[in-house]
Amino acid sequence: ALTPAIAELGAAKAEANKEAIAEALAARTALAVAAEDIANQDAAKTQWKQSGEKMAKLFEQWQDSQKTGPKVPKAQADPIWKRFSLARTRFESAKRQYFASLDSANKAVRAKKNEIVESAEKLAAAGSDSVVEYRKLLDAWKSAGRTPGKSDDALWARFKAAGDTIHSARQATAAVESVETSS
């Protein structure tokens, strides 16, 4: 027969275990909510690097809670894990989609600027009468948008070189005309 003291000790231990499980479930729920908050951000305003780091940290905390926390009944832990996992999946999917669309937009801008540069280089070969057309190309360049990286700078260098050629030819023509009119 169990003595009342041992029975009381067992009941106290069971109660403490219930409290530990409840705390573990609350902590995991908080992690799932935090992951959902990150996943529900507006993709256009998301700081992807920082949000990705936060999501990775939450996952580490989840794993740590599984390793070091009390044994939580699978029936209670699984729905919380599904919420957390779904949030991670949505976040990663949105991230891939965002960067794919950004890459596509950058390619379109790069292609447009490449066309503008080629047109400017053709104008440079045409000589000094191309200044007005070059200015139109400059407006098109400005409205085309910007791409990250050195490719935009390289295209700008080519575009500017064509413009410099056109302006130099115009100055040379103006100098010749000036000499002819003064003689």
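The values are calculated or read from the model by the stated rules, or taken from the named source; none is laboratory data. Values in this document were obtained by computation on a predicted structure and should not be read as measured data. Positions of Cβ are backbone-derived with ideal geometry, glycine not excepted, and every protein chain shown enters the neighbour counts. Each accessible area value is taken on the protein alone, full model and side chains, heavy atoms only, with ligands, DNA and RNA left out. Shrake-Rupley method; radii C 1.70, N 1.55, O 1.52, S 1.80 Å.
Here are the numbers for the structure shown:
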{"item": "Selection count, the range 141-150, where residues are of a type outside the set (D, E, K, R) and over 19 Å from the mean Cα position of the chain (by Cα)", "result": "3"}
{"item": "Exclusive hit being in contact with an Asp or Glu (Cβ under 9 Å, 6 or more places away or on another chain) and farther than 30 Å from Ala161 by Cβ, set Arg110, Arg83, Arg88", "result": "Arg83"}
{"item": "Qualifying residue in the range 25-35 (condition: open to solvent by 70 Å² or more (accessible area, probe 1.4 Å), assigned to a helix (DSSP H, G or I) and either modelled with pLDDT of 95 or more or over 30 Å from Thr147 (Cβ atoms) (or both))", "result": "no"}
{"item": "Test set (1) farther than 23 Å from Glu36 by Cβ; (2) in contact with a Lys or Arg (Cβ under 9 Å, 6 or more places away or on another chain); (3) not charged (D, E, K, R) - Ser104 fails condition number", "result": "(2)"}
{"item": "Residue that is open to solvent by less than 60 Å² (accessible area, probe 1.4 Å) and of a type outside the set (S, T, N, Q), where the choices are Lys150, Lys113, Lys160", "result": "Lys113"}
{"item": "Considering residues of the range 63-84 that are modelled with pLDDT of 95 or more and surrounded by 15 or more Cβ atoms within 10 Å (Cβ to Cβ) only, the residue nearest to Glu23 (Cα to Cα)", "result": "Ile80"}
{"item": "One residue from Lys112, Lys95, Lys136, Lys107 being assigned to a helix (DSSP H, G or I) and under 15 Å from Arg158 (Cα atoms)", "result": "Lys112"}
{"item": "Given (1) basic (Lys, Arg); (2) closer than 30 Å to Trp141 by Cβ; (3) modelled with pLDDT of 95 or more, number of the condition Lys54 does not satisfy", "result": "(2)"}
{"item": "In the range 1-18, residue modelled with the highest pLDDT [restricted to those that are of a type outside the set (Gly, Ala, Ser), open to solvent by less than 100 Å² (accessible area, probe 1.4 Å) and part of a helix (DSSP H, G or I)]", "result": "Asn17"}
{"item": "Residues that are polar (S, T, N, Q) and either touching a His at 6+ places or on another chain (Cβ under 9 Å) or under 13 Å from Ala162 (Cα atoms) (or both), drawn from the range 115-144", "result": "Ser119, Ser128, Ser130"}
{"item": "Filtered residues of the range 36-56 (kept if assigned to a helix (DSSP H, G or I), open to solvent by 30 Å² or more (accessible area, probe 1.4 Å) and touching a residue at least 40 places away in the same chain (Cβ under 8 Å))", "result": "Glu36"}
